[in-house]
Amino acid sequence: MTTATTDIQPEPSQPTQKLSVLEGPVDPPLVDLTLGELLELQTYQHGNQECLVIPWTGARWTYNELNQQSSSLSQALLDMGIGVGDRVAIMAGNCEQYAAVFFAVAKIGAILVILNNTYTPTEAMYGLKFSDSKILFTTPRIGRLDQTQLLQQLENKKTSPKVVMLRGDESGKYQTYDELVSAGRRQNHQRLYRAMSKVLPHQVVNLQFTSGTTGLPKAAMLTHHNLVNNSRFIGDRMRLTSVDVLCCPPPLFHCFGLVLGLLAIVTHGGKIVYPAEVFDIQATLQAISDEKCTAVHGVPAMFDSLFQAKWPENFNCDDLRTGIIAGAPVPRYLMELLVNRFGMTEFTSSYGLTEASPTCFNAFTDDSIDKRLTTVGTLMPHAKAKIVDRDGNIVPLGSRGELCIGGYQLQAGYWNNSEKTSETMMRDASGVLWLHTGDEAVFDEDGYCSITGRFKDIIIRGGENIYPLEIEERLMAHPNISRAIVVGLKNKHYGEVVGAFVELADGHQKPTFEELRDWCRKRLGGHKSPAHVFWLGHDDVPATVPLTGSGKVRKFEMAKLGDELLRKQANTSKL
């Protein structure tokens, strides 16, 4: 008996859809070093080489000097009763003492509480109380900011931290940095070496206050392991070596100035120059020229100011080749100026956030100009990244969603804020811990990341998602507009509509509302055209824009302002 057989042809398989998930390179390997061990190691290798140059104070410290100053200060802190896990705060401008305090606190396992030097007395007092800091290193003035009110408030509080003046105090009321270093230098450092030997790489070393755009700032707990490795990888992407000289105008209170600046240089044995206490255009230009800098860091607004300024006589930037521009979207004209006027053919774009220590993506120096303009580069070593929708599902490659970061570089959490920590850091079904950045992004086929806005800034108009950044870019392309901030404004019919705050370019006339609407509609859908336009500095609209400490626009405040302006207009029209 035979049976008939029928060939059943399998259905053609569907191509597997690629998802927005990335893993960074595994080389170079992670290292297990504390910050104290890092400085000792680099001092051994580069001891007599200049490490830290501060033109405004005249300081020119070698690696030996930085190591000796920080060790003497560490000894003094031990003598003052500071131990493992104790908080020591600093609120100051860029100066050599800041770097010494940073390493001194790290060497003994204490935690440095880094306060934004633009904080009001109320904000500073909040940070000190919240962290329970035992010592505050500061100065009588920070740039044009007088610290008198803060110092008086500290004197009036019985439980306030002890104030130590880094420099510039003529009152004689406070202990000074120089006195502590002098006292520590006289001590036998055996106790210090014992303390250093007990510090572990995964201990928290910094409380870095976030410059969040909503609510009170949170304090990210960053470890030695976070900072040492992140700064190594940053320097590698820039191809830094021991002959490089980095001009760093960004502040040391920010990860840009501290990790991408100081630590990226120390891990590569180079030299860093902080031109001024706070950002100063002429001092920065002079430093680039005088110190023969090979690299310069800055946010777009800083670079824009440098290019608009009159350059010093005999200015020379022939040695410049690289640097990082980050912190905000970078317009094409600025990229072209970096290459054509500064000769920074190897500049790199970057993306990071405080909670990730900070850099997550960074371009390579030999990426195409277009890649460095339109993306923030590729994922850093030993990092993970994914993009998710509002339900937490990973989106297809090429789709927008919220950027999430995983890997060695994640903060240990927010200091004394388990609720916010659990809201921001979540484990997936596989147990992998992810940091939800709140930023909206998209990945391309080659693993390059483009930041397209704030995930929570998305405007939902009648059920359609609208992305503010593309509207801002279109408005900024208008010759009469020098600045554009786009937010969602409340609307009974649509839920939200597009509102734009714009700044008139010098020497130009205001275009009409209709002209701006048509300008947007030439490139964007009609629903993306602003329903309301407010001119900064005109018609009861403030000229100033609320910013975070790191220069980001507080968009939720701008949206509230827009809603209030519309209410006033509606009430006036009823009269």
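The values are calculated or read from the model by the stated rules, or taken from the named source; none is laboratory data. This structure is a prediction, so every number in the text was calculated from the model and none was measured. Glycine also receives a Cβ, built like all others from the backbone with ideal geometry; neighbour counts cover every protein chain displayed.
If you scan region 82-126, which residues turn out to be of a type in the set (Ser, Thr, Tyr) and touching a residue at least 12 places away in the same chain (Cβ under 8 Å)?
Correct list: 98, 118, 119, 126.
When you look at residue 545, is it in contact (Cβ under 8 Å) with a residue 12 or more places away in the chain and not in a loop (DSSP other than H, G, I, E, B), yes or no?
Here the answer is no, as residue 545 does not meet what is asked.
From the list 98, 63, pick out the single residue that is buried (at least 22 other Cβ atoms within 10 Å of the Cβ) and more than 15 Å from residue 177 (Cα to Cα).
Exactly one of 98, 63 is buried (at least 22 other Cβ atoms within 10 Å of the Cβ) and more than 15 Å from residue 177 (Cα to Cα), namely 63.
Quick one: is residue 194 of a type in the set (Lys, Arg), surrounded by fewer than 19 Cβ atoms within 10 Å (Cβ to Cβ) and modelled with pLDDT of 95 or more?
So residue 194 fits the description; yes.
Within region 326-359, take every residue that is in contact with a Leu (Cβ under 7 Å, 6 or more places away or on another chain) and within 21 Å of residue 236 (Cβ to Cβ) and give me the one that is surrounded by the fewest Cβ atoms within 10 Å (Cβ to Cβ).
344
Hey, can you tell me all the residues within region 308-349 that are in contact with a strand residue (DSSP E or B) (Cβ under 6 Å, 6 or more places away or on another chain) and among the basic types (Lys, Arg)?
321
Considering only region 360-377, how many residues are in contact (Cβ under 8 Å) with a residue 12 or more places away in the chain, more than 18 Å from residue 440 (Cβ to Cβ) and either of a type in the set (Ser, Thr, Tyr) or surrounded by 22 or more Cβ atoms within 10 Å (Cβ to Cβ) (or both)?
Selection size over region 360-377: 4.
Could you identify the single residue in 471, 485 that is modelled with pLDDT of 90 or more, assigned to a helix (DSSP H, G or I), surrounded by 14 or more Cβ atoms within 10 Å (Cβ to Cβ) and among the hydrophobic types (A, V, I, L, M, F, W, C)?
The conditions single out 471.
With the condition kept exactly as written, say whether any residue in region 445-455 is within 14 Å of residue 405 (Cα to Cα) and either out of contact with any Ser or Thr (no Cβ under 6 Å at 6 or more places or on another chain) or surrounded by 17 or more Cβ atoms within 10 Å (Cβ to Cβ) (or both).
Looking through region 445-455, at least one residue is within 14 Å of residue 405 (Cα to Cα) and either out of contact with any Ser or Thr (no Cβ under 6 Å at 6 or more places or on another chain) or surrounded by 17 or more Cβ atoms within 10 Å (Cβ to Cβ) (or both).
Pairs needed: first member in region 417-431, surrounded by 11 or more Cβ atoms within 10 Å (Cβ to Cβ); second member anywhere, at pLDDT 95 or above and part of a loop (DSSP other than H, G, I, E, B); C-beta distance under 6 Å; at least 6 residues apart or different chains.
From region 417-431, the pairs are 421/413.
Can you pull out every residue in region 115-158 that is closer than 21 Å to residue 105 by Cβ, part of a loop (DSSP other than H, G, I, E, B) and among the polar types (S, T, N, Q)?
Correct list: 116, 117, 133, 139, 147.
Every residue in region 354-395 that is touching a helix residue (DSSP H, G or I) at 6+ places or on another chain (Cβ under 9 Å), of a type in the set (A, V, I, L, M), outside any strand (DSSP E or B) and at pLDDT 95 or above, please.
Selection gives 356, 363, 380.
Residue by residue, here is whether (1) out of contact with any Gly (no Cβ under 8 Å at 6 or more places or on another chain); (2) assigned to a helix (DSSP H, G or I); (3) under 25 Å from residue 292 (Cα atoms) holds:
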| residue | (1), (2), (3) |
| --- | --- |
| 45 | no, yes, yes |
| 60 | yes, no, yes |
| 65 | yes, yes, yes |
| 69 | yes, yes, no |
| 89 | no, no, no |
| 97 | yes, yes, yes |
| 100 | yes, yes, yes |
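Can you say whether residue 88 is under 21 Å from residue 179 (Cα atoms) and at pLDDT 95 or above, as far as the supplied structure shows?
In short, yes.
Residues to consider are 454, 461; find the one that is closer than 26 Å to residue 493 by Cα, in contact with a Pro (Cβ under 9 Å, 6 or more places away or on another chain) and not hydrophobic (A, V, I, L, M, F, W, C).
Result: 454 is the single residue among 454, 461 that is closer than 26 Å to residue 493 by Cα, in contact with a Pro (Cβ under 9 Å, 6 or more places away or on another chain) and not hydrophobic (A, V, I, L, M, F, W, C).
Do any residues in region 392-408 that are closer than 25 Å to residue 227 by Cβ have Cβ atoms under 6 Å from those of residues that are of a type in the set (Lys, Arg) and part of a loop (DSSP other than H, G, I, E, B), where the two are at least six apart or on different chains, and which pairs are they?
Taking only residues 6 or more apart or on different chains, not a single pair turns up.
When you look at residue 253, is it touching a residue at least 40 places away in the same chain (Cβ under 8 Å), buried (at least 24 other Cβ atoms within 10 Å of the Cβ) and in contact with a strand residue (DSSP E or B) (Cβ under 9 Å, 6 or more places away or on another chain), yes or no?
So residue 253 fits the description; yes.
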